[in-house]
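The values are calculated or read from the model by the stated rules, or taken from the named source; none is laboratory data. Remember, predicted model here, so these are calculated numbers, not experimental data. Backbone-built Cβ (ideal geometry, glycine too); neighbour counts: all protein chains shown.
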């Protein structure tokens, strides 16, 4: 279930980046990147803890 939430966060982050490019909004693109990086960090930390 935790990995599903991370995949969902990555998908929302990618959508934010795409919408930010279309609207020329650097803030939305930054939020998308931060969301993706946060999801990756969450998955790595969860995998290292064995959960």
*Looking only at segment 35-51, and only at residues there that are touching a residue at least 12 places away in the same chain (Cβ under 8 Å) and out of contact with any helix residue (DSSP H, G or I) (no Cβ under 6 Å at 6 or more places or on another chain), the one that is surrounded by the fewest Cβ atoms within 10 Å (Cβ to Cβ)*: 51
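So if I check each of 43, 37, 18, which one is at pLDDT 95 or above and either in a helix (DSSP H, G or I) or within 14 Å of the chain's Cα centre (by Cα) (or both)? Explain how you work it out, then say what you get.
Values: 43 fails: at pLDDT 95 or above; 18 fails: at pLDDT 95 or above.
Exactly one residue qualifies, and that residue is 37.
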